[in-house]
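Below: the structure, in structure tokens.
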Amino acid sequence: VRIAVTPDRIVGVVALVFAAVAPAILSAYWVGALLTQMMFLGIVAASLIFLSAYGGMVSLAQVAIYGIAGFVLGNATTTGNTKGMNLGWNPWLGVVVGIAIAVAVGLLFGALASRSVGIYFLMITLTYSVIANLFFGQVTSVSGFGGISGIPTPGIVGSPDAHPNRLYYISFVTALLIYAALRYIVRTPFGLTLQGLRDDPIRMASLGYNVVLHRTIAFGFSALVAAIGGVLFVWWNAHIDPASIDLTATIDVLVIAVIGGLYRLEGAWLGALFFVIINNYSQRIGFIGPRFHTLIGAIFLVIVLVSPGGLIGLWERAVDLFSGRRRDPLDRTPIELGQAEPSV
Amino acid sequence: MDSSLRQPAPALKRRAHLTVAQLRALRIAGWTLLGGVFVLPVLWVLFMAPTTGKFATTFGSAVHDPKDFVITVVNGVTAAGLYFVVASGFTLIFGLMRVVNMAHGAFFLFGGYVALRLQRNMVGEGSVFGLTSSQVSLTNWVVPALAGTAVIAGMGLVMQQLFLRWNQGQDLRQALITIAISIILADQMLAHFGGVAEDIAWPGTFDKFVNLHVAGIQYTLTRLVILAIAVGIGLLLWVWLKRTRTGMVIRAGVDDRAMVSALGINIQLTFAIAFVVGSALAGLGGVIGGSFAGLAPGVDANWLLYSLVVVIIGGMGSLGGAAIGALLLGLTSNFSAAYLPSDYTYYSIIFTFVLVAVVLAVRPLGLFGRPA
């Protein structure tokens, strides 16, 4: 089998090689703080891009689900926190239970929201997200405003401070596996059906497909991906509190996905890298200082106004320009499409 | 293709094999379950809530303590008034233009801050706890309230004309634009107004207790003022939408934008008017909310949540739906906070979710929602 050499693939291979050798060439701070963060934020953003690109559902509940996995993991594995359940379980058991509960909640969320699409779906999932934030802020038996601290990692991961490369490589491999799994799923009959539902739910329903069930399963699957991102976040941060999943955090992941393009999975990590670097270095620019969110909001606004395909869209335009290819004017990004049908 | 996925949907298949009697039984079971969700809490509040033991509540059942029951009802209704003021602006904009204004919460907070700063400029900074109502005259509240409302109305107009006018119909893009604006606004408000919670002071005229003449209850006048403002706004909106020419154009525009435009009516002007009014209501809501519950970073998220919940359960774009939605939300949040067992009151936020979940399960478009 001959594999065609395209600009996308060249860049992809270079990025992978770079990511694999990054600990050898970059400082421990870059690897431990920035690139690891990029990996798990990219995973959460990928769960959103998967839903939006292949299911036509722009969800704002991904951060809530990521937080639920993180809070369950924190409650299950810690001891000695003033708030929370302090169960002191094995870290791996905490991971399994955390992901399982997050996916269960994701399926419930999905089942409730799946009869709506487009802007309605966005609004409904936003209410989930804000309610989850308020829940963890108010219910002191699982968190309270202080959150859960000192969350342990399994032995193989070790302390992220002492061994930043271990968590980095674990996040990197996890991200790769998730990317591969998502690419695989969208080619399965399930994935093709999902794309059919995105394009014409009424026709698919009349062909006998169960629209709500497929959407719910897709949402549950994206919850699994987001929950894995939540576990990595908690390992990295050793702490989680309601501010980790507040409206700002929810919108940050949306910003990452939109900067990435919202229609190609690779965009998730590209957007995350961009976000993490801006977040880290903008503070050094005198007139911006602590006003990172004003800057990222302005960037987000410009992207939505000028290049709805995000950075990936800019890249594709550049490739088209050099290769002389013309794109179909009807080939529009999800952001530019209106949603005709509010519900099925 | 995997053939199993191309089978008729399970629900359809199952139904095809059911007899009419079985279907009826299923339907009855469904309604019973739904009824249980509503009836059980009502029974709990009316008769069952104890005052002692493991599940002790603060007040006990309504039969046991009718006075606090009445207070909770009035609390719920007055809170609903404020929810309605804020959410009616949201639903007005959505109903006509299909624009989900995600900056509605940020507009709320900014309107509140404008009024707060103006009030402090007029009266002085007061103590570390801010001003007290005895220092504030009616003018010192009404003028800032009008100013906050006007500033947000102008802001909404600018946002609509600059960013939303040229991409009508791309509703996701418009929602993302308003999200971007809300990020910037929230961050700038944090920079300029700080992270400390502050209150707009009610005027002394409002800040007192009145006798409700029900079970001898002395009730805060401010909450009744909120309710009066909400009812007034509801009536004005109703008259405006049902009895005036602009309202008629707006209602026609909700149904068929293209046809209204083809009839030679300037629909862009109508859009601008609706956006100004909708934003003004967010600003006014922010002033009232800032006097009632205070202003702080993060409050914008809460009020965006309340607006979303109200329109999701009431049905988007429906004014009557917003009123019903606000009432349901106000009563649910107040009753769950007052009648959950004392050790569990912090779970009351769950009931907001349950309310949304139950309505969505039965009516995905909300109680008064219609397909676009």
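The values are calculated or read from the model by the stated rules, or taken from the named source; none is laboratory data. Everything numeric here is computed off the predicted structure, so don't read it as measured data. Quick reminder, even Gly has a Cβ in these numbers, built from the backbone with ideal geometry, and neighbours come from all protein chains shown. The area values use the complete protein model at the heavy-atom level, side chains included, leaving out ligands, DNA and RNA. Shrake-Rupley method; radii C 1.70, N 1.55, O 1.52, S 1.80 Å.
Counting only Cα atoms, I'd like the Rg/Rh figure for the protein assembly as shown, Kirkwood definition for Rh. Before the final figure, lay out each step's value.
Values: Rg = 26.2 Å, Rh = 27.0 Å.
Here Rg/Rh amounts to 0.97.
Would you mind working out the magnitude of the charge dipole of chain A relative to its Cα centre, with +1 at each Lys and Arg C-beta and -1 at each Asp and Glu C-beta, to the nearest 20 Debye? Write out the running numbers ahead of the final one.
On the way: 18 positive and 14 negative charges, 84 e Å.
My answer is approximately 400 debye.
Can you list the equivalent-ellipsoid semi-axes of region A:198-254, largest first and in whole Å, using the square root of 5 times each Cα gyration tensor eigenvalue?
Values: eigenvalues 232, 33, 11 Å².
Each semi-axis is the square root of five times an eigenvalue, giving 34, 13, 7 Å.
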Worksheet, complete the sentence: Cα-based Rg then Dmax for region B:218-356, in Å, read 18.0, 62
Practice prompt. From largest accessible area down, sort A:Trp269, A:Trp236; use a 1.4 Å probe on the protein chains.
Written response: A:Trp236, A:Trp269
Practice prompt. May I have the extent of the alpha carbons of region A:66-140 along their three principal axes, as whole Å values ordered from largest to smallest?
Written response: 43, 24, 13
Discussion item. For the ranges B:350-360, A:88-98, what's the packing order if you count other beta-carbon atoms within 10 Å of each residue, average per peptide, and put the highest first?
Written reply: B:350-360, A:88-98
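Within a 10 angstrom radius of each residue's Cβ in A:12-25, how many Cβ atoms of other chains show up on average? Whole number is fine. If you can, show how the numbers build up before the last one.
Values: counts 0, 0, 0, 0, 0, 0, 0, 0, 0, 0, 0, 0, 0, 0.
Taking the mean over all residues of the peptide, I get 0.
Averaged across B:351-364, how many Cβ atoms of other chains sit within 10 Å of each residue's Cβ atom? Could you put the intermediate results ahead of the total?
Working: counts 0, 5, 9, 0, 0, 6, 8, 1, 1, 9, 3, 0, 2, 12.
Shielding by partners across B:351-364 averages 4.
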Worksheet item: Under the classification rounded if a/c is under 1.5, otherwise prolate if a/b is larger than b/c and oblate if not, where does region A:1-65 fall, given a ≥ b ≥ c as square roots of the Cα gyration tensor eigenvalues?
Response: oblate
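Show me the ranking of peptides A:122-129, B:51-58 by mean Cβ neighbours inside 10 Å, starting with the highest.
Numbers: A:122-129: 26.4, B:51-58: 12.9.
Highest to lowest by the protection proxy: A:122-129, B:51-58.
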Fill in: Calculated diffusion of region A:143-185, Stokes-Einstein form, Kirkwood radius summed over Cα pairs, 10 °C and 1.306 mPa s, µm²/s
127 µm²/s
Worksheet item: For region B:61-130 and region B:262-301, what is the separation of their Cα centres, given in Å?
Response: 12 Å
Item to complete: Quick one: Debye curve from the alpha-carbon atoms of region A:183-278 only, equal weights, vacuum; give me log10 I(q)/I(0) at q = 0.17, 0.18 Å⁻¹ to two decimals.
Response: -0.92, -0.99
Worksheet entry | Whole-percent pair-distance distribution, where bins are 5 Å wide, for the alpha carbons of region B:134-182 | 5, 18, 19, 16, 11, 9, 9, 7, 5, 2, 0
Worksheet entry | Around A:Leu295: net Lys/Arg minus Asp/Glu count, Cβ-Cβ under 14 Å | 0
Fill in: In nm, spacing of pseudo-spin labels at B:Thr139 and A:Ile156 (7 Å Cα→C-beta vector)
7.4 nm
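Apply the a/c threshold of 1.5 to the C-alpha gyration tensor of region A:246-291 and tell me whether it is rounded, prolate or oblate.
Values: a/c = 3.25, a/b = 1.72, b/c = 1.90.
It comes out oblate by the Cα gyration axes.
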Worksheet entry | Cubic angstrom per residue, convex hull over Cα atoms of region A:101-174 | 153 Å³
Worksheet item: Gain in length, B:Ala197 to B:Leu40, computed as 0.36 nm per residue apart minus the alpha-carbon separation, to one decimal in nm?
Response: 52.8 nm
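Sort B:134-145, B:106-117 for me by packing, meaning the mean count of neighbouring Cβ atoms within 10 Å per residue, highest on top.
Sorting B:134-145, B:106-117 by mean packing, highest first, produces B:106-117, B:134-145.
Diagonalise the Cα gyration tensor of region B:133-255 and give the resulting equivalent ellipsoid semi-axes, square root of 5 times each eigenvalue, largest first, whole Å.
After diagonalising the Cα gyration tensor, the semi-axes are 34, 25, 13 Å.
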Discussion item. Could you tell me the calculated FRET efficiency between A:Asp200 and A:Asn90, based on Cβ-Cβ distance and R0 = 35 angstrom, to the nearest 0.05?
Written reply: 0.15
Worksheet item: Does region B:19-76 classify as rounded, prolate or oblate by the C-alpha gyration tensor (a ≥ b ≥ c root eigenvalues; a/c under 1.5 gives rounded; else a/b over b/c gives prolate, otherwise oblate)?
Response: prolate
Response to the item:
Using eta = 0.890 mPa s and T = 25 °C, Stokes-Einstein with Kirkwood Rh from Cα pairs puts D for region B:50-98, in µm² s⁻¹, at 184 µm²/s
Discussion item. For region B:37-135, compute Rg over Rh where Rg is the Cα radius of gyration and Rh is the Kirkwood radius from the inverse mean 1/r over Cα pairs.
Written reply: 1.16
Practice prompt. List, largest first, the extents of the alpha carbons of chain A along their principal axes, each in whole Å.
Written response: 60, 48, 48
Worksheet item: Quick one: what do you get for region A:23-123 if you divide its Cα Rg by 2.2 N^0.38 Å?
Response: 1.32
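Hey, if we sort A:Trp30, A:Trp315 by accessible area with the 1.4 Å probe, largest down, what's the order? List each step's numbers first, then the result.
Working: A:Trp30 60, A:Trp315 90 Å².
Result of the area sort, largest leading: A:Trp315, A:Trp30.
How much mean residue ellipticity at 222 nm does the protein assembly as shown get from its helices, if each DSSP H run of length 4 or more adds -39500 (n - 2.57) and you divide by all residues, to the nearest 500 deg cm²/dmol? Display every interim value, and only then the final one.
On the way: 26 runs with 471 residues, N = 716.
The helix contribution divided over the protein assembly as shown gives -22500 deg cm²/dmol.
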Fill in: Estimated D of region B:205-275 in µm² per second, where Rh is the Kirkwood radius over Cα pairs and Stokes-Einstein applies at 20 °C, 1.002 mPa s
143 µm²/s
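Report, in debye and to the nearest 20, how large the dipole of the protein assembly as shown comes out about its Cα centre when Lys and Arg carry +1 and Asp and Glu carry -1 on their Cβ.
With only Lys, Arg, Asp and Glu charged at Cβ, the dipole is about 1600 debye.
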Worksheet item: What average count of beta carbons from other chains do you get within 10 Å of the Cβ of residues in B:301-312?
Response: 4
Worksheet item: How much space per residue, in cubic angstrom, does the convex hull of the C-alpha atoms of chain B take up?
Response: 214 Å³
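Between Rg and the Kirkwood Rh of region A:126-236, both from Cα atoms, what is the Rg to Rh ratio? Could you put the intermediate results ahead of the total?
Values: Rg = 19.0 Å, Rh = 17.2 Å.
Result for region A:126-236 is an Rg/Rh of 1.11.
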Worksheet entry | ³J(HN,Hα) computed for each position of region A:240-249 - Karplus, 6.51 cos²θ - 1.76 cosθ + 1.60, integer Hz, glycine/proline x | 9, 9, x, 5, 5, 10, 6, 4, 4, 5
Worksheet item: Along each of its three principal axes, how wide is the spread of alpha-carbon positions in region A:213-336, in whole angstrom units, largest first?
Response: 50, 50, 21
Discussion item. Considering just Cα atoms, how many Å³ per residue does the convex hull of region B:68-187 enclose?
Written reply: 147 Å³
Worksheet entry | Over 27 Å [Cα-Cα, region A:71-199], rounded percent | 38 percent
